[in-house]
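Chemist: This is the structure, below, for whatever I ask next.
Each value in this text was obtained by applying a stated rule to the coordinates, not by laboratory testing. None of these values were measured; they are calculated from a predicted model. FYI the Cβ positions are ideal-geometry reconstructions off the backbone, even for glycines, and counts take in every protein chain you see.
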Amino acid sequence: MISASSKSFDAAPMIESGPDDDSLLRVSLGPQHPSTHGVFRMNVVLDGETVVSLKPVFGYLHRNHEKIAEGITYLSSMPYTDRLDYICPLSNNWAYAHAVEKLAGLEVPERAQYLRVILAELTRLINHTAFAGFILGDMGAWGSALMYAFRERELILDLFEDLTGARMMANFMRFGGCRNDLPDGWAAQVSRLVDDYGPFLDEMEKLLVGNEILLARTQGIGSLSKETLVNGGISGPMLRAAGVNYDIRKVDPYGIYERFDFRIPLGATGDCYDRIMIRFLEMRESLKILQQALAQLPEGPVIDPKARIRNFKPPVGESYARIEGPKGELGFHLISDGTTKPYRYRIRPPSFINLTLIEDMCLGLDLADVVVILGSVDIVLGEVDR
Amino acid sequence: MTPLLILCPMMILAALGAVWLARPVHAALFLALALALTAVVYLAVGADFIGLVQFMVYVGAVAVLIVFSLLITRPGDEAEELLRRPRSWVTGLACTLPVFAVLVYAASRHTCLPDAAPENPSLSVESFGRVLFTTHAPAVLAVGVLLTAVMIGAALFAKEAHASSHTEPTRKPNTPGDS
Amino acid sequence: MSGFDASHSAAVLWAPECWPRLPQRLVEMLLHFCGAPDWLVTIGGLVAAAGTVVGVFLTGFALLSLIERKTLARIQNRIGPNRAGWFGILQPVADGIKMLTKEDIVPTKAEWFLHLLAPILIVVPSILALGVLPYGREWVPVPLDLGLLFFFAVGTLTELAVFMAGWASGSKFPMLGAMRAISQMVSYELPLMLSALGVIMVSGTLSLPGIVAQQSGFLLGFIPAWNVFTPWGLSAGLVFYIASIAEANRCPFDLPEGESEIVAGHMTEYSGFKYALFFMGEYLGLFAISGLGITLFLGGWQAPFPGLGSVPSWIWFFSKLVVVIFSFLWIRGTFPRVRIDQLMRFAWLCLIPMALLTIPAAGIWHFAGGGLIGWAVTVPMLLVPWVVLTIHYNKRLAPATRTYTFADS
Amino acid sequence: MNSSQHPRSRGRWSIPGLGLLKGLAVTAQNMLQSYYRKDRMTTVQYPEQRAPISPNFRNFPFLCYDGSDPVAGLRCTACSICEKECPPQCIYIVLDRDRSGKSLKRPKVFDIDVSVCMNCGICAEVCPFDSIYMDGEYELSTDDRFGGLLFGLDRLSKSAEYHATLRPDQATEVAARRHAEEQKNLAVQAAKAAKLKAEKEKNAPEPSTEGEHA
């Protein structure tokens, strides 16, 4: 019945037709679908509700970011990086600034270093909190967890607004430091927020961690072997949930992360549940980093006085800089030809690369699991499609 | 009498629809309609209990299961093909004609229908239960045994199918396993 | 449902207990004094009675759609609709106008007739089922002898309607939704009916007013003699509650709609007022199934405390309805959705055995007379499966303790 | 590597359903607290209430002018640095020239397409003349999709007093700096004038040097 009519249902052609069998149901999940986190599309072939084949289709949110960046000045690309992973713009800022600083050999003053760590860890809090809300939404919990997550995220965004002038599109980091100094009382507000965040995490964990339905939905779902993950270039919490000790803050330290005492939580199985739990544990470590950074925050300038804002021309050369973004390894590769514009500008987006293994994770599972797995990868389409 | 005169033609039409319509889903829905009308006939003649049970079991369970099995088995064009084959006509007639003959014979025995249905006594659950488990106890037991056997068989079949679909190792991309 | 009885005194007519029947009585009176024949008086009264039920529950539907949004909003620390009218009280009206003025889209691949029929068939059984529930001592719209059977019989129509909606839309998400809906409803109808069987056995009747009457009185002077306060009743009531959530397609068993997976399930291709009809069907079904649960297990319109005889009985029914429906909303605001195989396993391996076990327990209770012997036999009998379930859960289903290591280097 | 069990991981024995009940407790708590705890209910009822705007808040740019005349007092010199640095290239500037083609150091046309602008604030950052700042006004919806979102000089020019209400600290600092610069310029000019005068007085009979200084 389905097969007889299903062919005629295809409004959009399937790019990858998958197995050719009339008894299978081909569903185009997205680009307009409630839980594709934007405009992501998966061509799914179902046997009943079991996934037989899944082909991701990227590019519905492609904005030509890399090519645009080659046509504008170095500084002008900074606000564009906000829009990559719009949940955590400040990490993106940092990764880009880091790459340009490497290229131009700029020094970052102490205070700016601390400020960057504080902002990056706050961003990690935002991302992981929102993640917990989103994945519950993907599982069909009517937005309660999401609203709690956003309630707390809002407080951090308020702080971002006070500091950078915008809640999400921060455009705050500059080559050789940060744009402006802290407003009065900002650091005190952050430490108050950090103190209040622990109880909130307790509350979220109480809501999620022991929930039998959540356990049944996430445990044993979407795990891959360590080898597959490493070969697939997966990074971030998704890799660490499988037990691979790979956190760029530790293995290739940047900024001043060496000065802080924090640990890298590692899971064992790498299923969706571990991915959730790893993020919760990481948030607690982030809180530790934040406390230390706030206590040590020195006085001084926030930007390298040598740094030029206008007519910035890094020397001819090439640089790749990476940071541990909340979603994984976020890298920028720049080639300079000595002019005000980069010759080549390339991003290594963690969401995109983490997403490439989605078919391997979903095969043989239910349609409902696909949504959970997609949620557990934690993608932002702005970064996937760029 | 009047309700019957309205209901019976409708029933016949619905039954014809169930037989004649080419798309299996339409046929199944017409079958459900015919069964529902049968229930209404029971209600109209005052057999409330039988009517409601008929509705619950045949419309609520049997028709739904037929529809569901249509959904999951996907017969494709087989039904239309069967319809075209002359042998199916013969088989169909061979099945229906004796039934029809029996019906005609039964109807001819009672040449005139009673004017009104006898007043049915208010049926208490207790009396119903008593009748079921005393006079008709063997029948109930037999049906129970049969159903249990069927259920166990179904469970075994399901388990076998389940096991065979799970012995297969984790599938690699692009090589869908058989189902 | 006899014709108009002129001997009804004004006092009886105006008593709060009889308020819900006022429209019926007034219409009967009016027709009688206009000199209408008896059958017309009866039919007029019945139409008025049906109108009361439909009116009450359509108002309830409108209110519930608002209350649900407000409650969920509060659970989620939001305010909820508060722009249309005082505290958003006109929001249902605004929604209704919006739904009515929206374009009615029928997909080209749809079977237009079945596509049209499905939303109607969703609403009709819910309204029919609402007709047999006893809302108060004096307010039983249609006191059928076989009320319970009637309720389940018309309830089964919903499955066909959902199937029609899913199939006739000619689209894939509705199709998946219909498949899920049918398998879910067929599976959960069984525990629903089985858990009601115990009540039928103990009360010895299929008539819903009769079942309520059987639950009157108080144990030890203060515990209401509701079925839920017996061991088998509690057990069956729990099964019934869970199964009714599934039967009403509510979270966490809202797989047929499964928003995050299959968009809106069987309603994906509907718009405008047909879409609103699905919601009406869902909410009316929710009222009906909660009302049945109240009738079977929570003593129907019986007062929860002794000495409250002066309060009209229908107030108790509706208070209980509010509590039960609030619990549905609360659950909806908390739980994620289960997966289809988990749903089926839960129904067949947990709920149906539990429901089956309540039947002999109810029988023992019935013949032991509910005294100490009844408690002594049925409590262990019903505790066994819970213990077995807990052991099985912990041994087989519950995950091993997850240990997370911390890399220091 | 030190191994540690997560404190909230599940024990070996648990009653099925306990986790669900805990979740219900959390939502019930949140529901009740939303009635009396302010931090649970963060919604701002927008048209009636407004969230306070932080001094750093930035929306679309505006051009600052001194004094009361938006044309004469405009600080912008049409140097086009912002036009070059603008990431989405939403600024369009035409330099005003007199009849002879000499620059008047002011814009003839200064358009910002706010439907393209992404509020990054880079124009304000790079402006060497303290002319362009980010505005705090955010209620700019219009039914004119093209004209209503293309801000010209008339809509962009805002007074220095307005800037002072938006960001008092920055405005004071800028005003002080500009004042100092002005004083310095004045002083330089005065010195120049004095020098010139002195030279004039000194070399009064020689008109050729006067021409050099002009």
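Chemist: To the nearest Å, what is the center-to-center distance of segment A:127-171 and segment C:175-206, using C-alpha atoms only?
Modeler: Rounded to whole Å, the Cα centres lie 41 Å apart.
Chemist: Another question about this same structure. Given the options D:GLN45, D:GLN170, D:GLN33, state which has the largest fluctuation in a GNM of chain D using a 10 Å cut-off (strictly under) for Cα springs.
Modeler: Among D:GLN45, D:GLN170, D:GLN33, the largest mean-square fluctuation in the Gaussian network model of chain D belongs to D:GLN33.
Chemist: Lys and Arg at +1, Asp and Glu at -1: add these up for the other residues within a Cβ distance under 14 Å of A:ILE289 and post the number.
Modeler: Surrounding charge for A:ILE289 is +1.
Chemist: Mind checking the angle between helix A:89-104 and chain A's longest principal axis? C-alpha axes, 0 to 90 degrees, to the nearest 10.
Modeler: 60
Chemist: Continuing with the same structure: Under 8 Å for C-alpha pairs, at least 6 residues apart: give me the relative contact order for segment B:1-62, rounded to a whole percent.
Modeler: In percent, rounded to a whole number, it is 29.
Chemist: Quick one: net charge of D:ARG178's neighbours, Cβ under 9 Å, K/R +1, D/E -1?
Modeler: That works out to -2.
Chemist: I would also like to ask the following. Could you tell me which of the pairs D:LYS108/D:LYS158; C:LYS98/C:LYS274; A:LYS102/A:LYS313; A:LYS206/A:LYS288; A:LYS102/A:LYS306 are separated by over 18 angstrom between their Cα atoms in the structure shown?
Modeler: Pairs exceeding the cut-off: A:LYS206/A:LYS288.
Chemist: I'd like the Karplus ³J(HN,Hα) series for segment A:176-191: coefficients 6.51, -1.76, 1.60, θ = phi - 60°, whole numbers in Hz, and an x wherever there's a Gly or Pro.
Modeler: Each residue of segment A:176-191 in turn: x, x, 10, 5, 9, 7, 5, x, 4, x, 5, 4, 5, 5, 5, 5 Hz.
Chemist: Measure nothing fancy, just the Cα-based angle from helix A:110-138's long axis to the longest principal axis of chain A, in degrees from 0 to 90, nearest 10.
Modeler: 20
Chemist: Under a point-charge model restricted to the Cβ atoms of Lys and Arg (+1) and Asp and Glu (-1), what is the dipole moment magnitude of segment A:135-238 relative to its Cα centre, in debye to the nearest 20? Intermediate results must be reported in sequence, preceding the final value.
Modeler: Working: 9 positive and 15 negative charges, 80 e Å.
So the magnitude is around 380 debye.
Chemist: Most exposed first by the Cβ proxy, i.e. fewest other Cβ within 10 Å, how do A:LYS67, A:LYS55 rank? All intermediate terms of the calculation are to be shown ahead of the outcome.
Modeler: Details: A:LYS67 10, A:LYS55 18.
Sorted ascending by nearby Cβ count, the order is A:LYS67, A:LYS55.
Chemist: Can you find, among D:ILE53, C:LEU31, A:LEU239, the residue sitting farthest towards the positive end of the charge dipole of the protein assembly as shown, where Lys and Arg contribute +1 and Asp and Glu -1 at Cβ?
Modeler: In the protein assembly as shown, that residue is A:LEU239.
Chemist: Once you average over the residues of C:145-151, how many Cβ atoms of partner chains fall within 10 Å of each Cβ?
Modeler: Mean inter-chain Cβ contacts per residue within 10 Å come to 5.
Chemist: Using Cβ counts within 10 Å as a stand-in for footprinting exposure, how do A:TYR273, A:TYR74 rank, fewest first?
Modeler: A:TYR74, A:TYR273
Chemist: Please enumerate, by chain and number, the aspartates and glutamates with C-alpha under 14 Å from the C-alpha of C:LYS102, excluding those fewer than 8 residues away in the same chain.
Modeler: The qualifying aspartates and glutamates are C:GLU269.
Chemist: Pull up the cross-link candidates among the aspartates and glutamates for B:LYS159, meaning alpha carbon to alpha carbon under 19 Å and not fewer than 8 places away within one chain.
Modeler: A:ASP47, A:GLU49, A:ASP366, B:GLU168, B:ASP178, C:ASP341
Chemist: Once you keep just the Cα pairs under 8 angstrom separated by 6 or more residues, what percentage relative contact order results for segment A:24-94?
Modeler: Value for segment A:24-94: 18 percent.
Chemist: Now, a different point. Rounded if a/c is under 1.5, else prolate if a/b beats b/c, else oblate: with a ≥ b ≥ c from the C-alpha gyration tensor eigenvalues square-rooted, which is chain C?
Modeler: Oblate, since a/c reaches 1.5 and b/c is not below a/b.
Chemist: Which lysines, if any, have their Cα less than 25 Å from the Cα of A:LYS55, not counting same-chain residues under 8 positions apart?
Modeler: Once the sequence-local lysines are set aside, what remains near A:LYS55 is A:LYS7, A:LYS226, A:LYS327, B:LYS172, C:LYS172.
Chemist: Around C:GLY265, under 10 Å between beta carbons, what's the net of Lys plus Arg minus Asp minus Glu among the other residues?
Modeler: That sum, taken over residues with Cβ under 10 Å, equals -3.
Chemist: Could you please state, rounded to a whole Å, how far the C-alpha centre of segment A:216-285 is from the C-alpha centre of segment D:67-85?
Modeler: Centre-to-centre distance over Cα atoms comes out at 52 Å.
Chemist: Taking the Cα centre of the protein assembly as shown as origin and charging only Cβ (+1 Lys, Arg; -1 Asp, Glu), how large is the dipole, in debye to the nearest 20?
Modeler: 1100
Chemist: In whole Å, how far is the Cα centre of segment A:317-351 from that of segment A:38-64?
Modeler: So the separation of the two Cα centres works out to 28 Å.
Chemist: I need to check one value: relative contact order of chain C, counting alpha carbon pairs closer than 8 Å and at least 6 residues apart, in percent.
Modeler: 19
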